[in-house]
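Since the structure comes first, as structure tokens, the remarks are kept for the end.
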Amino acid sequence: MSRLLIAVLLTLATTAAYADDTCKSKAADKKLAGAALASFTKKCEKDATASCTQQAADKKLYGAAKTSFTKKCVNDAVGD
């Protein structure tokens, strides 16, 4: 029983840490506004798109599967 509890707590802790690693949360942490926010967000989204496209290629996804994966991956990274 205690092993299950530990596994659940570790899962929740890693999920919470991952959720805070979005472009929006990073911008908020840096307290960006105006042009700096727009520039940061644009670069962050561009980097996320490149990373997600590479991940899709590594998984050998093509067509609709690649598009769907990339879109979800970018949205998760940006924080939409």
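No value in this document is a laboratory result; all are computed from the given coordinates. It should be emphasised that the depicted structure is a prediction, and the values quoted were computed from it without experimental measurement. Here the Cβ positions follow ideal geometry from the backbone for every residue, glycine too, while neighbour counts run over all protein chains shown.
Here are a few things to note about the model shown:
- With the simple spin-label model, which puts each label point 7 Å out from Cα in the Cβ direction, the Asp58 to Lys46 separation comes to 2.2 nm.
- Per-residue HN-Hα couplings for region 63-78 [Karplus 6.51, -1.76, 1.60; θ = phi - 60°; Hz; x = Gly/Pro]: x, 5, 5, 5, 4, 5, 4, 5, 4, 5, 4, 5, 4, 5, 6, 6
- Per-pair calculated FRET efficiency, R0 = 30 Å: Asp21 and Ala65 via Cβ, rounded to 0.05: 0.75
- Taking a straight Cα-Cα cut-off under 13 Å and skipping sequence neighbours fewer than 8 places away in the same chain, the aspartates and glutamates within cross-link reach of Lys72 are Glu45, Asp80.
- For region 34-51, backbone phi angles converted through the Karplus equation (6.51, -1.76, 1.60; θ = phi - 60°) give residue-by-residue couplings of x, 5, 5, 5, 4, 5, 4, 5, 4, 5, 4, 5, 5, 5, 5, 4, 5, 5 Hz, Gly and Pro being listed as x.
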